[in-house]
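Engineer: Provided herewith is a single structure, encoded as structure tokens, for subsequent inquiry.
What follows is calculated from the coordinates using simple rules that are stated; it is not laboratory data. Since the model is a prediction, treat every value here as computed from it, not as a measurement. Please note: Cβ atoms are built from the backbone with ideal geometry, for glycine as well, and neighbour counts cover all protein chains shown.
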Amino acid sequence: MQTFSSNFLNWDVIQSYLPDLLAGMWVTMELSAIILLCGLLVGTGLALARMAQLRLLNVFIIIFVDVVRALPPLMLMVVTYFGLPYLGLRLTGFAVACIVLASVLAAFTEELLWAGLSTVSVGQYEAARSTGLTFLQMMGSVVLPQAFRLIQAPLASRIIATTKNTALASVVAVPELLSQANTAQGYSGNASPLTAASLGYLIILLPMVLVARRLERPREAA
Amino acid sequence: MRDAALHGPGQGRAPVILELQGLHKSFGLMSVLRGINLAVHEGEMVFLIGPSGSGKSTLLRCCNRLEEPTSGAVLVEGRDILGRKVNINQVRRRIGMVFQSFNLYPHMTARQNVTLALCKVARKSKAEADVIARRMLDHVGLSERIDYYPRALSGGQQQRVAIARTLALEPRIVLFDEPTSALDPELVNGVLNVMRMLRDEGMTMVVVSHEMRFAREAADRIVFMADGEIVEQGTPSEIFGAPRHPRLREFLSSLGTV
Amino acid sequence: MSDFVHNFFNLHILDRVWPLLLTGLKTTILLSLVIVPAGLAIGLLMALLQSLRIYALRWTVVVYVDLFRAYPPLVLLIYVYYGLPFFGIDTDAFWSVVLALGLNTSAYFAEVFRAGIEGIPFGQVQAARATGLGGFQTMLYVVLPQAIRNMLPDLLSNVLESVKLTSLASVVTLPELLRAARLAQGNTVNATPLIAASLIYLAFLWPLVRLTSRLERRTLTGQR
């Protein structure tokens with residue numbers, strides 16, 4: 001038992017690496033914020049674009065969304081990070097992580113929102129249009145609020161998954177929390193930094209999970 | 001030169017609010033409207049009756065371009081609204097529509113349902129819109145439920161909110177697409193009363209409905225449709241008392257006594 | 001253009017690395033075949049425990065589920081991988097991966113099963129019990145069969161996610177598909193192995209994605 005706590009819960013080790021770990025946590029939060037914002041916006045845009053019913057555009061969107069949802073995010077990041085240089089493009093790990101993870105979120109958001117938009121009853125569209133609302137007004141005030149409400153539970157789940165995926169950025173040399181903890185663990189031969197990192201992630205993610213749980217309730221109550 | 005069939009009896013002098021000329025509508029190979037000619041005068045209440053599949057709802061929906069006619073013209077206050085250059089959103093302010101399934105926005109209160117288009121389409125300020133909404137909801141007898149959500153309202157109340165929502169924009173004509181078909185029988189009268197009130201106030205109305213008793217008592221003109229065409233039209237006493245076309249007779253007898 | 005083909009679609013290199021990729025694929029499949037059933041079994045068990053309405057059990061399951069839904073799988077994996085030796089457990093990387101990803105997966109499946117079971121109207125249970133069926137029998141013959149039909153889209157999408165998770169094993173140097181591709185890419189200084197691995201993943205997973213999409217849309221309609 002003594003070995004366990006000195007190897008996993010060693011406060012001295014954690015303390016000496018705390019600045020790095022905190023810096024890593026900050027990067028994790030930066031990544032998450034950027035990715036969530038871009039992913040949700042682009043995903044919504046794609047779903048709206050799909051409403052235009054242009055055959056060619058739809059094909060592109062569907063292919064993009066399917067491929068991005070089928071491939072493991074880590075695979076996507078590795079291909080982008082190590083493949084782009086062959087095209088003459090050298091992006092930072094941070095940029096790659098942002099682009100890839102935002103694309104994944106966008107793809108899932110598009111699918112979910114598209115299902116939501118299709119579920120909002122046709123009557124809502126018609127009532128809004130027949131009072132003279134423009135397409136954008138109808139979407140913004142009447143349809144999108146209802147669509148998002150329909151998909152809020154699975155969407156919350158996706159947002160959580162995306163935030164967890166920021167840990168993957170450690171593989172492409174982004175100095176986020178896991179990466180820092182990994183390095184610290186390597187240097188110190190002690191697993192305590194990983195414990196600290198785990199706690200850090202849980203601090204960010206547990207509240208989100210609890211909110212997601214709350215979102216699953218109203219449907220059952222109705 | 002006034003074609004009685006087009007304009008109906010006794011409406012010679014009132015201006016024509018809505019006119020359909022040679023209206024055709026096909027869905028793929030299926031022809032739903034085959035050359036409809038109809039003129040609705042100011043203050044008239046026109047009832048569209050007919051068996052299901054006769055095209056009544058489609059006809060109504062062509063009037064505000066929720067369906068796009070395949071050919072023909074729809075003239076609102078003399079101007080064709082089918083052109084590509086027409087600002088359909090502004091046109092729709094002049095044409096109100098009440099749906100069978102009410103279609104209230106579930107995420108908004110009764111008041112907000114009414115003020116939405118007032119703010120976004122009629123560009124009223126929030127304060128102005130509120131005043132109008134209050135007045136409209138009061139008019140349909142729902143002033144006490146102004147901040148209720150649709151789920152807290154009965155079907156009849158929801159439909160009345162829908163009517164208020166439409167009236168708020170001060171349309172020249174209101175189209176009713178089976179307004180009471182989705183209501184429990186005891187709630188139907190509440191809505192019919194509001195419709196009677198509107199008619200008495202001089203609103204131009206086109207109603208698709210199965211409420212034959214109401215049609216008999218309230219309509220100025222009844223138009224019978226079958227297979228996408230207007231087969232016969234006339235005053236209620238003509239249509240119900242002395243139906244001429246065999247299709248109409250068949251239809252009326254299938255309804256039992258009215 | 002020819003440069004592009006040379007770097008990304010080089011048949012020559014593909015020929016050389018193909019055996020490596022195939023071995024990696026086998027490991028990926030093996031991992032999936034172990035993790036998914038384990039996750040399903042444990043998840044079902046947890047959901048059944050939760051349905052027993054014993055406060056302490058319910059709470060334990062909730063904590064378990066929320067913990068592993070919030071815990072990034074990669075962090076958990078690395079934690080387990082580096083941590084197990086400290087416990088004196090000297091095992092294959094394979095089993096570290098199975099443990100970590102299994103824990104993660106089981107939490108998600110537990111949630112799916114719970115929602116499915118709770119979604120069956122209580123009247124069904126009452127009717128079954130009234131005819132003398134015991135609690136377990138009711139679950140087995142009445143509740144679960146109905147619940148599974150409702151849960152199919154969510155189950156499928158979670159299976160898909162689990163299979164994608166196996167790629168994380170590359171980080172702890174387990175020679176599954178992604179790792180094989182990375183090694184090959186490093187050795188040949190060519191991106192073709194990466195493209196090939198992507199195509200292999202797509203071949204297996206794209207059909208699953210399409211199926212999931214279609215089922216998801218149908219469920220959403222049912223939710224209104």
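Engineer: Given the rule -39500 (n - 2.57) for each run of at least 4 DSSP H residues, summed and divided by the residues of chain A, what is its mean residue ellipticity at 222 nm, to the nearest 500 deg cm²/dmol?
Structural biologist: When only DSSP H runs of four or more count, the value is -27000 deg cm²/dmol.
Engineer: Hey, another quick one. With the Cα gyration tensor of chain B in hand, give its eigenvalues times 5 under a square root as the equivalent ellipsoid semi-axes, listed largest first in whole angstrom.
Structural biologist: Computed over chain B, the values are 30, 22, 17 Å.
Engineer: Give me the three principal axis extents of chain A from the C-alpha atoms, as integers in angstrom, largest value leading.
Structural biologist: Dimensions of chain A along the principal axes of its Cα atoms: 71, 52, 24 Å.
Engineer: A further question on this structure: Rounded to the nearest 20 Debye, what is the dipole magnitude of the stretch C:2-223 about its Cα centre when Lys and Arg each give +1 and Asp and Glu each give -1 at the C-beta?
Structural biologist: Rounded to the nearest 20 debye, it is 540 debye.
Engineer: Counting Lys and Arg as +1 and Asp and Glu as -1, each charge on the Cβ, what is the dipole of the stretch B:25-148 about the Cα centre in debye, to the nearest 20?
Structural biologist: Once rounded to the nearest 20, the dipole reads 420 debye.
Engineer: Excluding same-chain residues fewer than 8 positions from B:Lys120, which lysines have a Cα within less than 30 Å of its Cα?
Structural biologist: Leaving aside lysines fewer than 8 places away in the same chain, those within reach of B:Lys120 are B:Lys85.
Engineer: While we're looking at this one, here's another question. Considering only B:Ile222, B:Ile81, B:Ile49, give the residue with the highest GNM mean-square fluctuation for chain B, with springs between Cα atoms whenever their separation is below 10 Å.
Structural biologist: Answer for the Gaussian network model of chain B: B:Ile81.
Engineer: Just to be sure I understand the curve: with the Debye formula and one point per C-alpha of the protein assembly as shown, what is log10 I(q)/I(0) at q = 0.11 Å⁻¹?
Structural biologist: Log10 I(q)/I(0), no solvent term: -1.11.
Engineer: Write down, largest first, the equivalent ellipsoid semi-axes of the stretch B:190-258 in whole Å, where each equals the square root of 5 times an eigenvalue of the alpha-carbon gyration tensor.
Structural biologist: 23, 13, 11
Engineer: In degrees between 0 and 90, to the nearest 10, how far off the longest principal axis of chain C does helix C:73-83 point, with axes built from Cα atoms?
Structural biologist: Rounded to the nearest ten degrees, it is 80.
Engineer: Need one number: nm distance between label points at A:Thr92 and C:Gln137, each 7 Å from Cα along Cα→Cβ, rounded to one decimal.
Structural biologist: The modelled label-to-label distance comes out at 6.7 nm.
Engineer: Report, to the nearest 10°, how far helix C:144-165 tilts away from the longest principal axis of the Cα atoms in chain C, using its own Cα long axis and a range of 0 to 90°.
Structural biologist: So the helix axis and the longest Cα principal axis differ by about 20 degrees.
Engineer: Let me ask you something else. Please give the direction-averaged projected area of the C-alpha convex hull for the stretch C:2-223, in square nanometres with one decimal.
Structural biologist: Computed as one quarter of the Cα hull surface, the answer is 15.6 nm².
Engineer: Okay, moving on. Give me the distance between the Cα centres of the stretch C:22-36 and the stretch C:102-123, rounded to whole Å.
Structural biologist: Using only Cα atoms to place each centre, the spacing works out to 25 Å.
Engineer: Now for a separate question. Taking the alpha-carbon distance from C:Lys164 and a cut-off under 12 Å, which aspartates and glutamates remain once sequence neighbours fewer than 8 residues away in the same chain are dropped?
Structural biologist: Here the aspartates and glutamates satisfying the reach criterion relative to C:Lys164 are C:Glu176.
Engineer: Rg to Rh ratio, the stretch C:127-224, alpha-carbon atoms and Kirkwood radius?
Structural biologist: 1.24
Engineer: With charges set only on the Cβ (+1 for Lys and Arg, -1 for Asp and Glu), what does the dipole of the protein assembly as shown come to about its Cα centre, in debye to the nearest 20? Could you put the intermediate results ahead of the total?
Structural biologist: Values: 61 positive and 49 negative charges, 153 e Å.
Computed charge dipole of the protein assembly as shown: roughly 740 debye.
Engineer: Amide H of B:Gly35 versus every other amide H placed in the peptide plane: which residues, excluding those fewer than 5 positions away on the same chain, fall under 5 Å?
Structural biologist: Result for B:Gly35 returns B:Leu23, B:His24, B:Lys25.
Engineer: Search the structure for amide H atoms under 5 Å from the amide H of B:Phe176, placed 1.01 Å from N in the peptide plane, and list their residues when 5 or more places away or on another chain.
Structural biologist: Under 5 Å from the amide H of B:Phe176: B:Val98, B:Val206, B:Val207, B:Val208.
Engineer: Using θ = phi - 60° and the Karplus form 6.51 cos²θ - 1.76 cosθ + 1.60, what ³J(HN,Hα) does each residue of the stretch C:12-26 get, whole Hz, x for Gly and Pro?
Structural biologist: 4, 5, 4, 4, 5, 8, 3, x, 4, 4, 4, 4, x, 4, 4
Engineer: Rounded to the nearest 0.05, what FRET efficiency do A:Arg213 and B:Tyr149 have when you use their Cβ-Cβ distance and R0 = 22 Å?
Structural biologist: Values: r = 25 Å, r/R0 = 1.12.
Efficiency for this residue pair is about 0.35.
Engineer: Would you grab the residues whose amide H sits under 5 Å from the one on B:Val231? Only those 5+ places off in sequence or on another chain, please, with H modelled 1.01 Å from N.
Structural biologist: B:Phe224, B:Met225, B:Ala226
Engineer: Local charge sum around A:Thr92 (other residues, Cβ-Cβ under 15 Å, Lys/Arg +1, Asp/Glu -1)?
Structural biologist: -1
Engineer: For every other residue with a beta carbon closer than 15 angstrom to the beta carbon of B:Arg34, add +1 if it is Lys or Arg and -1 if Asp or Glu, then tell me the sum.
Structural biologist: 0
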